[in-house]
1. Within segment A:91-113, restricting attention to residues that are within 9 Å of another protein chain (Cβ to nearest Cβ) and within 12 Å of residue A:33 (Cα to Cα), which residue is surrounded by the most Cβ atoms within 10 Å (Cβ to Cβ)?
2. Identify all residues within segment B:127-141 that are over 30 Å from residue A:108 (Cα atoms), within 14 Å of another protein chain (Cβ to nearest Cβ) and part of a helix (DSSP H, G or I); write none if there are none.
3. Counting only residues that are more than 7 Å from chain A (Cβ to nearest Cβ) and part of a helix (DSSP H, G or I), which one in segment B:142-160 is farthest from residue B:123 (Cα to Cα)?
4. For residues that are assigned to a helix (DSSP H, G or I) and loosely packed, with under 14 Cβ neighbours inside 10 Å, tally how many sit in segment A:31-67.
5. Just one of the numbered conditions (1) surrounded by fewer than 23 Cβ atoms within 10 Å (Cβ to Cβ); (2) in a helix (DSSP H, G or I); (3) touching a helix residue (DSSP H, G or I) at 6+ places or on another chain (Cβ under 6 Å) is not true of residue B:270; which one?
6. Checking residue A:70 against (1) touching a helix residue (DSSP H, G or I) at 6+ places or on another chain (Cβ under 9 Å); (2) closer than 30 Å to residue B:70 by Cα; (3) assigned to a loop (DSSP other than H, G, I, E, B); (4) more than 9 Å from chain B (Cβ to nearest Cβ): exactly one of these is not met. Which one?
7. Which residues, counting only those in segment A:73-85, are more than 9 Å from every other protein chain (Cβ to nearest Cβ) and closer than 27 Å to residue B:166 by Cβ?
8. So, of the residues in segment A:46-67 that are away from chain B (no Cβ under 14 Å) and touching a helix residue (DSSP H, G or I) at 6+ places or on another chain (Cβ under 9 Å), which turns out to be farthest from residue B:178 (Cα to Cα)?
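The values are calculated or read from the model by the stated rules, or taken from the named source; none is laboratory data. Not measured: the values here are computed from a predicted model. Note: ideal-geometry Cβ built from the backbone for every residue, glycine included; neighbour counts use all protein chains shown.
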């Protein structure tokens, strides 16, 4: 039961390791960026899982009589992750533009084909 | 304005960055960057004076009371770091004009200065903020702009260096976010002062050591502690000279500050050193960093690369000081933070002058430079003496404190390592000096001394490294007080 109840976190761990492995093991620079992005997405999922309150609803203010005893999920991790998503997008954009320039300078984006001791 | 100074310190450069990008012309962007750097120098020095006179400042961002809103909490430790960053920025920027004009193409100049200001903003932000998630945001602002500045180097290897740094830096930052998230889920707060109160209540839970570990690994990646330094040598070697001078003397220093802040303020010295036994990890690593990286530095043929490896060794000294966990040790770490910023800034700037005039910083190209570029090479020798730790230089002051701290703990072998590290520094500095002064210059090449606008900033740092080496009372008293606030708990 607990193992199943922690399903989100298992998914996070699996995604994180998939991303991390791709990042380390792949020689293709674009695949490295994909691995990095999967890794960062896992972190985002982890935060969103933190925010879940059992039985809680979306954190949008309920008004009137229905407001009595409403349980909200925690909105703060969501807000934090909006920032993290922006950072992730910026990192991805910068990383990919570096890949484009590496391709122009070296004619390849395979790590082991990049010459002159740059790696 | 006086009340809002903590926010303005960060906000003014942040707003000037897009201005620099929009003015389009390199010279105008440089003027904007100069304004941003000098403003932050003024603001941080004013804050330092206020903190020394009135004690820590707590600033509520947007009027939201902490711990709900973001708090900028400024005490002696972080204002000192902010002054270092702003000082190096203000000295580097006049230097950057000619150096960057030579090394970066004109159409990219304005964007370069925008990135420079953003990097400064991020580093200042990390220093002054009292909110752990804010730390991550500023860390990424400074890192992303640093990657793009490094990629502007002339050599195509700058691109792969920047890419490598981006990958490792992002992993480090993600580790920091995981650590922050785990702390948040246990305590429900992101405010550093609030965390410091709430963490001990839940310290028995296994999540807290995990958060601590993620944060430690993430930050040590950012500060390039051996063996997580792999991104640093190439990044420093192939970045434009002014960028190397700026980043080498600020980015890793701010990461060291983060380490101090998390170990001592957020988790508390007792948890870090008695429960997690941090010294048993950090001390061996920093000893290996000092010995191995100094040894590697001796065999480098590219002087910027030599200095980069020496930087990793010097970071070892700072972390060694922290790993003692005593007031004296942390004082040594903080003093060395300041001193290393001065001397490495001066050394990298001298190399930038060589790059400007000679077009290369390989040792064999520097034959006889002592005669044709006397001022540049004299600055290099000055910085080098400091790196070795000759008396009357700042390097001596930091090593004096470090050795004292080691002896206080009865660790004779560690004190020995500090001295052996100095000897090795003497070897690699001598390698350059020998070629520059004892060989005769190549008569076919006419090499001229670097322009004054580059020599003067270099010499300001060299002079400062001698001044604070002879009269260390200011830095020593600030560092001691800072160490006492850190170890004594909350400021």
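1. Per the stated criteria, the residue is A:98.
2. Taking segment B:127-141 first, the residues over 30 Å from residue A:108 (Cα atoms) are B:127-139.
Right, trim to within 14 Å of another protein chain (Cβ to nearest Cβ) and you get B:129, B:131-139.
B:132, B:133, B:134, B:135, B:136, B:137, B:138, B:139 - these are the residues of segment B:127-141 that are over 30 Å from residue A:108 (Cα atoms), within 14 Å of another protein chain (Cβ to nearest Cβ) and part of a helix (DSSP H, G or I).
3. Within segment B:142-160, the first condition is being more than 7 Å from chain A (Cβ to nearest Cβ), and the residues that meet it are B:142-143, B:145-146, B:149-150, B:152-155, B:158.
Of the ones still in play, those that are also part of a helix (DSSP H, G or I) are B:142-143, B:145-146, B:149-150, B:158.
Values: B:142: 6, B:143: 9, B:145: 11, B:146: 10, B:149: 15, B:150: 16, B:158: 22 Å.
Here the residue is B:158.
4. Filtering segment A:31-67 down to residues assigned to a helix (DSSP H, G or I) leaves A:31-51, A:64-67.
Restricting the remaining residues to those that are loosely packed, with under 14 Cβ neighbours inside 10 Å gives A:64-67.
Looking only at that region, the number is 4.
5. Unmet for residue B:270, out of (1) surrounded by fewer than 23 Cβ atoms within 10 Å (Cβ to Cβ); (2) in a helix (DSSP H, G or I); (3) touching a helix residue (DSSP H, G or I) at 6+ places or on another chain (Cβ under 6 Å): (3).
6. (1)
7. Initially, segment A:73-85 is screened for residues more than 9 Å from every other protein chain (Cβ to nearest Cβ), giving A:73, A:75, A:78-79, A:81-82, A:85.
Correct list: A:78, A:79, A:81, A:82, A:85.
8. Residues of segment A:46-67 that are away from chain B (no Cβ under 14 Å), as a first pass: A:54-67.
Narrowing further to those that are touching a helix residue (DSSP H, G or I) at 6+ places or on another chain (Cβ under 9 Å): A:59, A:61.
On the way: A:59: 23, A:61: 29 Å.
Taking the candidates together, the pick is A:61.
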